[in-house]
Amino acid sequence: MARDNEVNCIKNVISAFRDEGCFHIESCNCNRSDILKALQNLSEPSDANQFPDFIFNDGIIEHFVVTGYKESIKGSEFKIEEFKRNKETETFFKEEDKKILNSSRNPGTFYSVNHENTYSNSTYENFVFSFKRNFNHHSESLQKSKYMNEAVIFLIEQEDARLGIYENNMFKRFYLLSEDKILLSYLKEKFPLINYVIFNSNDSVEIIDLSNLEKMINRAKEGLDIRSGRKREPSLKIYWDL
């Protein structure tokens, strides 16, 4: 069975197609109905540990995660930092539980306590390294599989903060893969091995038909100032005194 994060990413992309919730499609240079049809008619391979993650009538979808943090054999530094901060959050709320339990009672009232984790240590250079490293790894899995002649969609999810584009040292807009000349040129090398890329970062979804990359590369600007974004994860706990 597919892991929860893979299934949730599929659901988020479908929500973007339907304009539901906070997810939205920021860029699409292909037939949206064809991609949506594929997303809505997925099945899973009998062996969940084998390539690919999902199968549809005429092709496959492979999901993987990229990061703007450094990666090592231990995984991404983002996951290591996230695990540490989640433990700190858990400890924080346990201490708050003790305070509430030891405080004087006031029936009919409620209390709220919040705690927030912020992640802002990503870099564009790390993001490019992670993107290429993971893309190459999954491309190699594709070439070893029986799906070489099928339509191939790589569903790529950025797990940390969305990058930003700056002009004159001021934030201008959020990063889009469809504007990134460096990675678009890299993707061009992978066509027709991979047909489509769906890129999900935070609430943003982009769908790229790799057969149309030449035009996208020509439109993309050189030398974009791409910097780290900031990811905020608030947690809220409510106590009700009955």
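The values are calculated or read from the model by the stated rules, or taken from the named source; none is laboratory data. Source: prediction; values computed, not measured. Backbone-built Cβ (ideal geometry, glycine too); neighbour counts: all protein chains shown. Accessible surface is based on the protein model in full, side chains and every heavy atom, while ligands, DNA and RNA are left aside. Shrake-Rupley method; radii C 1.70, N 1.55, O 1.52, S 1.80 Å.
Here Lys84 clears all of (1) touching a residue at least 12 places away in the same chain (Cβ under 8 Å); (2) under 24 Å from the mean Cα position of the chain (by Cα); (3) surrounded by fewer than 17 Cβ atoms within 10 Å (Cβ to Cβ) except the condition numbered (1). Please verify whether Gly229 is assigned to a loop (DSSP other than H, G, I, E, B) and free of Cβ contacts under 8 Å to residues at least 60 places away in the same chain, treating the condition exactly as stated. Against the criterion (assigned to a loop (DSSP other than H, G, I, E, B) and free of Cβ contacts under 8 Å to residues at least 60 places away in the same chain), Gly229 does not qualify. Could you list, in sequence order, all residues of region 118-142 that are open to solvent by less than 20 Å² (accessible area, probe 1.4 Å) and over 18 Å from the mean Cα position of the chain (by Cα)? Matches in region 118-142: Ser139, Leu142.
Note on region 56-75: among residues that are at pLDDT 85 or above and among the polar types (S, T, N, Q), the one that is least open to solvent (accessible area, probe 1.4 Å) is Thr67. Counting the residues of region 193-226 that are over 19 Å from Ser139 (Cβ atoms), in contact (Cβ under 8 Å) with a residue 40 or more places away in the chain, not basic (Lys, Arg) and not in a strand (DSSP E or B) gives 7. Determine if region 129-140 includes at least one residue that is of a type in the set (Ser, Thr, Tyr) and at pLDDT 90 or above. The answer is yes; a qualifying residue exists. Does Phe191 meet the test of being more than 17 Å from Val65 (Cβ to Cβ), surrounded by 14 or more Cβ atoms within 10 Å (Cβ to Cβ) and aromatic (Phe, Trp, Tyr)? Taking the combined requirement at face value, the residue satisfies it.
Exactly one of these conditions fails for Phe93: (1) over 30 Å from Leu163 (Cβ atoms); (2) not in a helix (DSSP H, G or I). Give me its number. Answer for Phe93: the failing condition is (2). Here Ser145 fits the description: assigned to a loop (DSSP other than H, G, I, E, B), under 25 Å from the mean Cα position of the chain (by Cα) and either surrounded by fewer than 17 Cβ atoms within 10 Å (Cβ to Cβ) or of a type outside the set (Phe, Trp, Tyr) (or both).
Of all residues in region 172-185, those that are assigned to a strand (DSSP E or B) and either among the aliphatic types (A, V, I, L, M) or without any contact (Cβ under 8 Å) to a residue 12 or more places away in the chain (or both) total 2.
Of all the numbered requirements in (1) assigned to a helix (DSSP H, G or I); (2) open to solvent by 30 Å² or more (accessible area, probe 1.4 Å); (3) touching a strand residue (DSSP E or B) at 6+ places or on another chain (Cβ under 8 Å), Asn114 misses one, and that requirement is (1).
Residue by residue, here is whether (1) touching a helix residue (DSSP H, G or I) at 6+ places or on another chain (Cβ under 6 Å); (2) over 30 Å from Glu96 (Cα atoms); (3) exposed (fewer than 13 other Cβ atoms within 10 Å of the Cβ) holds:
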| residue | (1), (2), (3) |
| --- | --- |
| Glu206 | yes, yes, no |
| Glu214 | no, yes, yes |
| Ala220 | yes, yes, no |
| Ser235 | yes, no, no |
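Scan region 22-55 residue by residue and report those that are part of a strand (DSSP E or B), free of Cβ contacts under 8 Å to residues at least 40 places away in the same chain and surrounded by 16 or more Cβ atoms within 10 Å (Cβ to Cβ). If the condition is that a residue be part of a strand (DSSP E or B), free of Cβ contacts under 8 Å to residues at least 40 places away in the same chain and surrounded by 16 or more Cβ atoms within 10 Å (Cβ to Cβ), then Ile55 is the only one that fits.
Among the residues of this structure, Glu179 counts as one that is open to solvent by 10 Å² or more (accessible area, probe 1.4 Å) and out of contact with any Gly (no Cβ under 9 Å at 6 or more places or on another chain).
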